[in-house]
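Colleague: Before anything else, here's the structure in question.
None of the figures in this text is laboratory data; all of them are computed from the coordinates on show. These numbers come from a predicted model, not from an experiment.
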């Protein structure tokens with residue numbers, strides 16, 4: 001009976017120590033974050049004084065990030081354009097997007113001849 005009581009007390013103290021370390025870690029991280037934010041805001045204020053417009057924002061992460069998967073060498077990209085092209089400003093059948101404009105030196109909407117060459121019909 002004494003041995004069991006001793007191991008329970010030992011486990012509680014180990015758990016308590018872990019909890020205490022976690023609290024200390026949290027406090028240290030908060031302090032380091034506050035220092036880094038102060039330096040970043042000072043740098044942004046300096047840039048603003050020089051005439052540059054920057055702002056410091058924290059990204060909203062409502063969902064957790066999915067880990068990237070490695071693509072196989074022979075697999076085709078998963079590309080299915082939908083809606084209107086941001087460069088042309090209209091939709092076509094079959095659909096296209098800005099990647100279709102990669103051969104253009106200066107990005108601009110397709111002409112009627114270019115649409116015909118690519119077998120695209122403006123919708």
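Colleague: What does the extension gain come out to for residue 35 and residue 14, with contour length at 0.36 nm per residue minus their alpha carbon separation?
Modeller: Full extension from residue 35 to residue 14 adds 4.4 nm.
Colleague: Which length gain, in nm to one decimal place, applies between residue 55 and residue 116 when the Cα-Cα distance is subtracted from 0.36 nm times their residue separation?
Modeller: The residue 55-residue 116 span can extend by a further 17.4 nm.
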